[in-house]
Amino acid sequence: MVDRFVHESNSPMIEMLRVHRFFGKTRAVNDISFEVYRGQVFGFIGPNGAGKTTSMRILSTLELPSYGDAVVDGFSVINDPDLVRRRLGFMPDGFSMYPNMNCVEYLDFFARAYGLIGKDRIAALRRTLSFTGLDKIASKPITGLSKGMRQRLCLGRAMIHSPAVLILDEPANGLDPRARIELRQMIQQLAVDGTTILVSSHILTELAEMCDQVGIVERGRLLATGSVADIQRTMQGALRVQLTAMDRGEQLQEWLSQRQGVSHIQRSGNTMSFELQGGNLEQADLLKGIVNADFSIMEFAAHRETLEDVFMKITTGAVQ
Amino acid sequence: MTSASSALDSRPILAPDQLEHAAAIEQLVEGETAWDRRLISLSNWINPILVKETRQALKSKQFSMTLLLLTIVVLAWSMMAIIGMIPSIYYASNGTGLLIGYSIILIFPSLIIIPQAAFRSMASELDDGTFETLSLSTLTPRHILIGKLSVAALQLLIYFSVLAPCIALTYLLRGLTLDVIAMTLILLASCSLAVSAIAISVAAFARNRVQQVFFSIVLLGGQVFAAFAVGSTLLGIVSYGSIPSESWIVLGVFLLVVILYSWLLLRSAGCAIGVASENRSTPIRVPLLLIGLLMAMLTGFFSICYGDRTAMQDLLAVSVNFLFAHWAIAGCIMMGEQGVIPVRARRSLPSSLWGRLFLTWLNPGAGPGYLFVLLSFMGSAFTLVLAAWFLLPATKSNITIQLVLYVAVLSAYLALYMGTVRLICMVFLRRVMAGRLVASFTITCVLLILSVVATLSLSLASNRYQRLAFDWYCFPNLFWTLGELYPSNQNRWILPECFFAVVCLAISSAVIGLINVALTAKDVVVLRIETPERVVRERSKIRSKKEEEDELEGLAAE
């Protein structure tokens, strides 16, 4: 394994400290702050033009913030970009490849560009080719690669020097379901190996599955941040419960209307839906109460809001 | 069944295409033979850009087509020329005509194709976004630019090698000396590399598609001009048939100038594509100063060695004008620099008394730049002129006080124009971040044009539109005033209009100069800040790791 330029401490691997970025009058990034710790996958969610790519480019030292600073493993992207770059792998949204090269030559060039020589370079090449599954098409010209394979190659390029932090901008964009699942598995594997990953995507279900934390951003502002469950809990006012009784629907409705925390009851025969304030405990308590009240229940389902629901609730869809 | 054969049987069976891919990896990372392994070990030391570009270039259609065409044209010319020479080929000197043909053929790939390919290579990196991924690696802008230039050199070498047997043939056909052939090839190669360096630098400066198109057209025009200039020079050299010893000195000086300015240009381009928070000014000022000093020494040396008594003053005036142009162009661009020194740049500011005393002028910013340019020009020009005036015997020199005054006038113009441009930039470009250097250069050009137009109009108006006559109010017109006060026009200085023009110039430049010096105070008092301990530790760790790797690689190569 190649040496990772990382210091041993419990401080965050990525810190955005009140980052602002203005393009004329447009505030592409407007006071964004968050932290990501080692081995975490942080999902960056937001509509087009929300400031995700600009934030990622600032973290990758490709843009300078107008105000604030971003820190990677304790090094400022403004003052020590060279040290940040040693720790960083960046996979941009749109990428182009060099013509007249095959996969292994492409990766070999970047291995050399990252200063890997001799056995280290050979080991890095083998590891990357095998991890990304490109070893089966190593001598294939880049121009003939499918979109999925190009994404793999781009990921391979970003991770060739075993960076401690990977920044992936829309990595699953335009991929078929199989390629997307494989990419997700690769990202999860990298996180298990200790790589800190910042990933942006439009496919929210996918982010919900692989991210430890997410940040929802719109018009350059970070609207919510935390784990997916935390955000769901915070944003969700009440649980929507659907219930089907064997019989005595009317009595059950009356019984429910007397319960604390239950509201908005709608009944259709023996099936009813209502809102329940609280979390899992209140849900279990209610079910126990219904059974103790001698009602026969055929179906009981509590519907939690998905990340998509939360995203739609938080964002307005406005662009700058 | 033995254990070896069972191990063989348990290996995964690979399909033919998978075997091919596996072989490609093996060949690339380990090589097939000991010779391959040695080459791979050598390639670890070479600039990665050179390795990549060579792989790309050798597979590209452009390279193959050029090589093919070159070979065909060279063969065709050789056959045609030899057929035309028969029967005199056995006794007459026919090498000259043949070499002229080869030189003309070589000019096209050397001065047109290679620089254009270098330009496209750099421009497409920036255009396609591959430069960003490249800049995130440990490669510095210097590595990238030198790598691109090395590829141009390699292509040139390949094209030259195609012609090597033909050039040997020209020598065998008599009429040419070895030094003519050597000078032809050296001149062609150096011009090709210089134009390639310009092309790469220009591509690095282009920030968008429009600029790229504009620069590529300008570059192509320059290339065509260079091709004609080099072609006619080569024609002269080859036709003359022998090389006087002075020509080697001229070639040496020419090469030195070309190398130094290419170095300066590549450094500037490196700074333009480098990290924005980096100190991008000092790395350019150091070569600028070195080139200025070297040019002062060289021009002085040649004026003294080769100039006779009557021409001495004119030769030194030309040298001083050259120095003025060098510093004025650099200065008017420098005036667009921002006054804020980034934290990263402040870590490398001089901290000792002597360092602050002598090196503060190398700090980034228009303020230190103003003093740097002014002092460098005045230092080098006055030293050159005064040394020649006092040290040369009267039999050798005709230098008068006029030349010293001329240098003073040039210094005053530098102070006046640079100072005015700086003040304009400070007022109008306060919030502008990008394109400041181009803006300050443009402002200088506009000021110069305005001064010429205004003074000519004034002069015409005051003479009832009958004639143009220099008067004291024409002092902002740099070209006219310098023409009037040129050292060879000795009696002009005592005329009232010239005298008052000089007085006005002195007063205005002193006022502007003092304002600028006062404004520079805040840039000069900026103090160095210490580099954080962890950053220092990290850098030393990287250095020691690199040294260790180099050592291991060296041992492996042995």
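Taking B:Gln62, is it within 14 Å of chain A (Cβ to nearest Cβ), over 28 Å from B:Arg174 (Cα atoms) and open to solvent by less than 80 Å² (accessible area, probe 1.4 Å)?
Values: within 14 Å of chain A (Cβ to nearest Cβ): yes; over 28 Å from B:Arg174 (Cα atoms): yes; open to solvent by less than 80 Å² (accessible area, probe 1.4 Å): yes.
Yes, satisfied.
For residues in the stretch A:65-96 being aromatic (Phe, Trp, Tyr) and more than 14 Å from B:Arg534 (Cα to Cα), which is farthest from the other protein chains (Cβ to nearest Cβ)?
Top of the filtered list is A:Tyr67.
Within the stretch B:500-526, how many residues turn out to be in contact (Cβ under 8 Å) with a residue 12 or more places away in the chain, farther than 19 Å from B:Met335 by Cβ and open to solvent by 70 Å² or more (accessible area, probe 1.4 Å)?
Residues in the stretch B:500-526 being in contact (Cβ under 8 Å) with a residue 12 or more places away in the chain, farther than 19 Å from B:Met335 by Cβ and open to solvent by 70 Å² or more (accessible area, probe 1.4 Å): 1 in total.
For the stretch B:325-340, enumerate the residues that are surrounded by fewer than 20 Cβ atoms within 10 Å (Cβ to Cβ) and not in a helix (DSSP H, G or I).
Answer for the stretch B:325-340, where residues must be surrounded by fewer than 20 Cβ atoms within 10 Å (Cβ to Cβ) and not in a helix (DSSP H, G or I): B:Gln338, B:Gly339, B:Val340.
Working only within the stretch B:306-324, note down all residues that are surrounded by 14 or more Cβ atoms within 10 Å (Cβ to Cβ), of a type outside the set (A, V, I, L, M, F, W, C) and in a helix (DSSP H, G or I).
Within the stretch B:306-324, B:Gln313, B:Asp314, B:Ser319, B:Asn321 meet the criteria.
Identify, from the list A:Phe34, A:Phe42, A:Phe90, the residue that is open to solvent by 10 Å² or more (accessible area, probe 1.4 Å), among the aromatic types (Phe, Trp, Tyr), touching a Leu at 6+ places or on another chain (Cβ under 7 Å) and at pLDDT 90 or above. Reasoning before the result, please.
Details: A:Phe42 fails: open to solvent by 10 Å² or more (accessible area, probe 1.4 Å); A:Phe90 fails: open to solvent by 10 Å² or more (accessible area, probe 1.4 Å).
Exactly one of A:Phe34, A:Phe42, A:Phe90 is open to solvent by 10 Å² or more (accessible area, probe 1.4 Å), among the aromatic types (Phe, Trp, Tyr), touching a Leu at 6+ places or on another chain (Cβ under 7 Å) and at pLDDT 90 or above, namely A:Phe34.
Hey, can you tell me all the residues within the stretch A:258-268 that are farther than 18 Å from A:Glu299 by Cβ and either open to solvent by 70 Å² or more (accessible area, probe 1.4 Å) or of a type in the set (Lys, Arg) (or both)? Give the derivation first.
Residues of the stretch A:258-268 that are farther than 18 Å from A:Glu299 by Cβ, as a first pass: A:258-261, A:263-264.
Once the filter is applied, which keeps residues that are farther than 18 Å from A:Glu299 by Cβ and either open to solvent by 70 Å² or more (accessible area, probe 1.4 Å) or of a type in the set (Lys, Arg) (or both), the stretch A:258-268 yields A:Gln258, A:Arg259, A:Gln260, A:His264.
Does B:Ser110 satisfy being under 22 Å from B:Val195 (Cα atoms), buried (at least 23 other Cβ atoms within 10 Å of the Cβ) and among the hydroxyl-bearing types (Ser, Thr, Tyr)? Break it down stepwise before answering.
Working: under 22 Å from B:Val195 (Cα atoms): yes; buried (at least 23 other Cβ atoms within 10 Å of the Cβ): yes; among the hydroxyl-bearing types (Ser, Thr, Tyr): yes.
Considered against the rule, which asks whether it is under 22 Å from B:Val195 (Cα atoms), buried (at least 23 other Cβ atoms within 10 Å of the Cβ) and among the hydroxyl-bearing types (Ser, Thr, Tyr), B:Ser110 comes out as yes.
Please identify the pairs in which a residue from the stretch B:299-312 that is more than 17 Å from B:Thr383 (Cα to Cα) has its Cβ atom under 8 Å from the Cβ atom of a residue that is open to solvent by 70 Å² or more (accessible area, probe 1.4 Å), counting only partners at least 6 apart or on another chain.
Final answer for the pair search is B:Arg309/B:Thr395.
When the stretch B:472-497 is examined, which residues are found to be open to solvent by 50 Å² or more (accessible area, probe 1.4 Å) and not in a helix (DSSP H, G or I)?
B:Tyr486, B:Ser488, B:Asn489, B:Leu495
Can you tell me which residue among A:Thr271, A:Thr234 is open to solvent by 40 Å² or more (accessible area, probe 1.4 Å), among the β-branched types (Val, Ile, Thr) and in contact with a helix residue (DSSP H, G or I) (Cβ under 8 Å, 6 or more places away or on another chain)? Steps first, answer last, please.
Working: A:Thr234 fails: in contact with a helix residue (DSSP H, G or I) (Cβ under 8 Å, 6 or more places away or on another chain).
Answer to the selection: A:Thr271.
Are any residues in the stretch B:170-181 surrounded by fewer than 18 Cβ atoms within 10 Å (Cβ to Cβ) and assigned to a helix (DSSP H, G or I), and if so, which ones? So that I can check it myself, show each step before the final result.
We begin by selecting, within the stretch B:170-181, every residue surrounded by fewer than 18 Cβ atoms within 10 Å (Cβ to Cβ); these are B:171-172, B:174-175, B:177-179.
Once the filter is applied, which keeps residues that are surrounded by fewer than 18 Cβ atoms within 10 Å (Cβ to Cβ) and assigned to a helix (DSSP H, G or I), the stretch B:170-181 yields B:Tyr171, B:Leu172, B:Leu178, B:Asp179.
Answer yes if at least one residue in the stretch A:97-115 is in contact with a Ser or Thr (Cβ under 7 Å, 6 or more places away or on another chain), within 8 Å of chain B (Cβ to nearest Cβ), among the polar types (S, T, N, Q) and farther than 19 Å from A:Asn173 by Cα, and no otherwise. Show your work before the answer.
Of all residues in the stretch A:97-115, those in contact with a Ser or Thr (Cβ under 7 Å, 6 or more places away or on another chain) come to A:98-100, A:102, A:104, A:107, A:110, A:113-115.
Pick out the ones that are also within 8 Å of chain B (Cβ to nearest Cβ) and you get A:98-100, A:102, A:104, A:110, A:113-115.
Restricting the remaining residues to those that are among the polar types (S, T, N, Q) gives A:100, A:102.
Next, only the ones that are farther than 19 Å from A:Asn173 by Cα stay: A:100, A:102.
Yes.
The values are calculated or read from the model by the stated rules, or taken from the named source; none is laboratory data. Since the model is a prediction, treat every value here as computed from it, not as a measurement. Cβ sites come from the backbone with ideal geometry, for glycine too, and all protein chains shown count toward neighbours. For the accessible areas, the whole protein counts, side chains as well, though only heavy atoms, and no ligand, DNA or RNA atoms are used. Shrake-Rupley method; radii C 1.70, N 1.55, O 1.52, S 1.80 Å.
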